[in-house]
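Below is one structure, written out as structure tokens; the observations come after it.
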Amino acid sequence: MKMILLHIHDDRGADGRLQAACDIARACNAHVRCVQVTPMPSLMAADVYGGAGYAPSIAAELHDIADSFRHRVEAHLAHEDVAWDWVQMDGDSVAGLLAAAHLADLIVASLPEHGRATMQDPLPIVADLALGGRTPVLAVPATARSLPVAGQAMVAWDGSEQSCAALRAAVPLLRLADHVDIVTVEEGGGTDFPATGAPEYLARHSVKARLHCWAKGDHPVECALREAIDTLGADWMVMGAFGHGRWRERIFGGVSHAMLRTARVPLLLAH
């Protein structure tokens with residue numbers, strides 16, 4: 001991984017994802033591209049009250065706020081010993097990040113964690129980023145303070161197209177991990193790929209991994225994954241995103257939807 005795209009936004013997850021991006025950049029000798037998208041309300045449309053006349057002053061105020069936060073982030077980056085640059089744009093956050101990510105190896109954003117209750121909560125954009133482009137997403141919990149790249153990594157494996165994509169995307173980081181655990185949750189019914197496919201693939205990339213078949217029991221798959229994270233001491237996890245489609249998962253429930261709301265470790269996602 002040589003180009004890390006970092007979502008810049010002033011929220012309570014900003015420090016965690018900034019540090020995670022810097023940790024990856026140092027470990028991979030990569031470049032961090034800071035992308036700051038300033039959302040501009042639809043103020044220019046005419047209205048009967050003449051509110052559009054305030055648009056220039058409101059836009060200027062939003063840019064002043066964005067510039068103030070940029071100075072804070074740049075002051076932090078000055079002490080991180082990583083290469084970086086800055087891209088500023090106006091518009092929709094998801095569209096802007098995806099446009100900037102065409103030649104990025106990873107997007108670093110924050111987990112939404114139970115939705116957005118206040119303006120200081122991270123924007124709930126991880127699912128849109130994972131589904132909207134081809135760049136893998138590292139979703140960092142708002143409470144995280146770093147990413148232990150060389151720590152314990154866990155791969156959630158079910159043989160699906162999504163989990164294969166996530167596994168391939170994660171290889172550069174898995175090579176740096178001290179330990180890699182592959183967890184297959186036993187649901188019954190079988191998969192298109194044998195469980196041994198993942199460790200065999202990683203072995204060909206010089207990554208040693210331990211395979212675990214985790215009993216699902218009477219609980220949802222996400223409960224088994226969270227139990228595996230705690231038991232194995234995983235610092236971060238790799239998983240495929242939205243194998244059944246985002247809206248189906250939102251309505252009927254699904255592993256991706258649940259993990260985005262409840263994960264306590266960074267998730268490397270790919271669709």
**Request:** For segment 128-151, state whether one or more residues are more than 17 Å from S256 (Cα to Cα), under 16 Å from the mean Cα position of the chain (by Cα), surrounded by 24 or more Cβ atoms within 10 Å (Cβ to Cβ) and modelled with pLDDT under 95.
**Result:** no
**Message:** Condition (residue is under 26 Å from L18 (Cα atoms) and open to solvent by 30 Å² or more (accessible area, probe 1.4 Å)) applied to segment 184-198: is it met by at least one residue?
**Reply:** no
**Item:** Filtered residues of segment 1-42 (kept if within 14 Å of the chain's Cα centre (by Cα), more than 25 Å from V171 (Cα to Cα) and of a type in the set (G, A, S))
**Value:** G13, A14
**Item:** segment 218-236 residues that are charged (D, E, K, R), paired with ones that are open to solvent by 50 Å² or more (accessible area, probe 1.4 Å) (beta carbon under 8 Å, 6 or more apart)
**Value:** R226/R264; D235/P148
**Asked** Of the residues A170, A209, which single one is under 22 Å from the mean Cα position of the chain (by Cα) and in contact (Cβ under 8 Å) with a residue 24 or more places away in the chain?
**Response** A170
**Request:** Report, by residue number, each residue of segment 241-264 that is buried (at least 17 other Cβ atoms within 10 Å of the Cβ) and either modelled with pLDDT under 55 or part of a loop (DSSP other than H, G, I, E, B) (or both).
**Result:** A241, F242, G243, R246, E249, G254, A263
**Residues satisfying the stated conditions in segment 170-183, i.e. surrounded by fewer than 22 Cβ atoms within 10 Å (Cβ to Cβ) and either closer than 19 Å to L260 by Cα or touching a Ser or Thr at 6+ places or on another chain (Cβ under 8 Å) (or both)** = R175
**Message:** Conditions first: (1) out of contact with any Gly (no Cβ under 9 Å at 6 or more places or on another chain); (2) closer than 26 Å to E227 by Cβ; (3) of a type in the set (K, R). R145 passes all but one, so which condition is the exception?
**Reply:** (1)
**Request:** Could you please let me know if A66 is open to solvent by less than 60 Å² (accessible area, probe 1.4 Å), among the small types (G, A, S), closer than 11 Å to Q36 by Cβ and within 24 Å of the chain's Cα centre (by Cα)?
**Result:** yes
**Request:** Please give the number of the condition V171 fails out of (1) in contact with a helix residue (DSSP H, G or I) (Cβ under 8 Å, 6 or more places away or on another chain); (2) among the hydrophobic types (A, V, I, L, M, F, W, C); (3) part of a loop (DSSP other than H, G, I, E, B).
**Result:** (3)
**Item:** Failed item, numbered, when P41 is tested on (1) surrounded by fewer than 15 Cβ atoms within 10 Å (Cβ to Cβ); (2) modelled with pLDDT of 95 or more; (3) closer than 23 Å to A99 by Cα
**Value:** (2)
**Prompt:** Being at positive phi and either modelled with pLDDT of 85 or more or surrounded by fewer than 12 Cβ atoms within 10 Å (Cβ to Cβ) (or both), is that true of even one residue in segment 47-57?
**Reply:** yes
**Item:** In segment 96-122, the residues that are open to solvent by 30 Å² or more (accessible area, probe 1.4 Å) and closer than 29 Å to V171 by Cβ
**Value:** L98, A99, H102, L103, D105, E113
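The values are calculated or read from the model by the stated rules, or taken from the named source; none is laboratory data. All values reported here derive from a predicted model rather than from experimental measurement. We place every Cβ from the backbone using ideal geometry, glycine too, and count neighbours over all the protein chains shown. Side chains included, ligands, DNA and RNA excluded: accessible areas come from the protein's heavy atoms. Shrake-Rupley method; radii C 1.70, N 1.55, O 1.52, S 1.80 Å.
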